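S.K.: First, the structure itself, so that you have it in front of you.
None of the figures in this text is laboratory data; all of them are computed from the coordinates on show. Computed from a prediction, not measured in an experiment: that's the story for all the values here. Heads up, the Cβs are rebuilt from the backbone with ideal geometry, glycines too, and the neighbour counts pull from every protein chain shown.
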C-alpha cells in the first residue's frame, strides 16, 4: 500500500515492568561531540533524527514504552477496488453515494463525489498495495474511532462508511514531518535508511519520552505500508568494547482486518535486530554508528513520520467537503 504519490506532491504519507520505562536513558549530546567515529556511521543527510533531538545514548537492559494513544484499525480501501463508489450489492449505497445523498438532502447541491472517485481516482490496474493506509495511519491517532452505525437524514452510515469518509479526508495530508527517505529503487537510494540508530533515537523521543504514537513505513523496498506505532520493547546487550546488540519488538495497529466494519485495534508486532557502535561509559553506550543485522537487513523501517499533530487534511476527491464529512460524523 503506498503513500499516494508520496513525493510527487508534498504528501502525494515481552513486556517489562512499568518501572523500567523510567530507566530509559535520556542523555543528550550535540552531534559531533563524541570524538569517536564508529563504523557504519550514517551519511550526514541521513542523520536528521539525531541532528534534531540529540545524539543517541543507550543503557544495557530491557525497556518497554507505550503511547498514551492507542490507534484503531481499519481496512485500507485499495485503489483498485470499487468499494468507495459502488456497492457490490446494488440494492445498497456505497460510502460516497451516501455522502452525495446526504449533501443533496441537506440542499447543498449534487456533489457527485462517487462519480469523481470512479472517473478520476479509481484504477483497476493499480498495484495491489496502493490504497489509503497512509490516510488511516494519520486518522487513527488523531480521531476517535467510529464504533456505531449512525443515521443522518434517514441515511444509515455504517462503521465502514464512516471510516471510509474519514480516511478520504486524510488521503492528501500536508505538513507531515518525515525522517528518512523513501526507497524508490534509484541508484543513489540508501536501502539501509532509516538507519537503526536514527530509529532507536526516534522511538526514545516519541514513545518513551512524549508517550505519543508515530507512523512508519515498515517495508524498506518500493511498496509503502504505513502503520501507526504505539508500543516498543528494547532488549539491549553489551557485545564488546564498542558494540551493543539490540532486539526490538515494535507494536503497530494493522489494516489487515477481516471486515471494513471492524472495530478495535488489531495488533501486529514487527521484530528487528541491529548493532549500535560507539563508546561505553560504564553501562551506557554513546552511539556514533549502527547497522541492521540478521533478517532486519532486508526487513526494517523505510521512513518515519512524527506524531502528526499539525496535519492539514485534504482529499484527492475534489467533490468532497471535509466540513460535511465531520458534520456527518458529529456526536449527538
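S.K.: Quick one, what does Rg over Rh come out to for segment 105-150 if you take C-alpha atoms and the Kirkwood Rh?
M.R.: Rounded to two decimals, Rg/Rh equals 1.07.
S.K.: Let me ask you something else. For segment 189-332, restrict the atom set to alpha-carbon positions and state the Rg and Dmax in Å.
M.R.: That works out to 18.6, 62 Å for Rg and Dmax.
S.K.: Please provide three numbers in whole Å: the alpha-carbon extents of segment 230-285 along the principal axes, with the largest listed first.
M.R.: For segment 230-285, the Cα extents along the three principal axes come out at 53, 14, 12 Å.
S.K.: Computed over the Cα atoms of segment 46-158, what is the convex hull's projected area averaged over all directions, in nm²?
M.R.: Convex hull of Cα atoms, orientation-averaged projection: 12.3 nm².
S.K.: Using Cα centres only, tell me the gap between segment 222-297 and segment 72-110 in whole Å.
M.R.: Answer, in whole Å: 38.
S.K.: Exposure proxy check: 300, 134, 143 ranked by fewest other beta carbons within 10 Å?
M.R.: Details: 300 24, 134 29, 143 17.
Result, fewest neighbours first: 143, 300, 134.
S.K.: Report, to one decimal in Å, the Kirkwood hydrodynamic radius for segment 276-332 based on all distinct Cα pairs.
M.R.: On the way: mean 1/r = 0.0595 Å⁻¹.
After inverting the mean inverse Cα-Cα distance, the result is 16.8 Å.
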